[in-house]
Amino acid sequence: MEREKISMTQALIFVNCDTNNQETIRDHVSQIKGVLEVHMTTGIYDLILKAETESEEKLREDVIRQIRKIGGIRSTTTMIVFKPDAAVPAAGDALVV
């Protein structure tokens, strides 16, 4: 019997932190279940997170609520990934989603 592929919800979460709190906040968010990657960045956002959960509801309850409880976070912006399994195009090719 062929195994059914489970569709997961992926999101990119952009985080603005209070000044000089990025490393501490990075350490906290990296411990949250469902957070796959944490990147410290320059520019508008201090951190960019990649998260994956079983559903959008789980994303809200298990990831975003936990992130917002962490002191020193000024704001978050969450973007749901429509097709997380889309292939990355070769250089010069267009990615169609």
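The values are calculated or read from the model by the stated rules, or taken from the named source; none is laboratory data. Being a predicted model, the structure only gives us computed values, none of them experimental. Quick reminder, even Gly has a Cβ in these numbers, built from the backbone with ideal geometry, and neighbours come from all protein chains shown. Ligands, DNA and RNA are excluded from the accessible area calculation, which covers all protein heavy atoms including side chains. Shrake-Rupley method; radii C 1.70, N 1.55, O 1.52, S 1.80 Å.
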Residue-wise HN-Hα coupling along the range 13-22, computed from phi with Karplus coefficients 6.51, -1.76, 1.60 (Hz; x: Gly, Pro)
10, 9, 10, 9, 10, 5, 3, 6, 10, 4
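Which sequence of F82, F14 reflects their accessible areas, 1.4 Å probe, from the largest down?
Details: F82 190, F14 30 Å².
Correct descending sequence by accessible area is F82, F14.
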Residue by residue, what Karplus-based ³J(HN,Hα) values in Hz, rounded to whole numbers, does the range 40-47 have, using 6.51, -1.76 and 1.60 with θ = phi - 60° and x for Gly and Pro?
7, 9, 9, x, 4, 10, 8, 9
Neighbours of K33 by Cβ distance under 13 Å: Lys/Arg at +1, Asp/Glu at -1, summed charge -2
Which value in nm describes the separation of the simple spin-label points at M79 and I48, placed 7 Å from the Cα toward the beta carbon?
0.8 nm
Applied in sequence order to the range 60-70, the curve 6.51 cos²θ - 1.76 cosθ + 1.60 (Karplus, θ = phi - 60°) yields integer Hz couplings, x standing for Gly and Pro, of 4, 6, 8, 10, 5, 4, 5, 4, 5, 7, 6
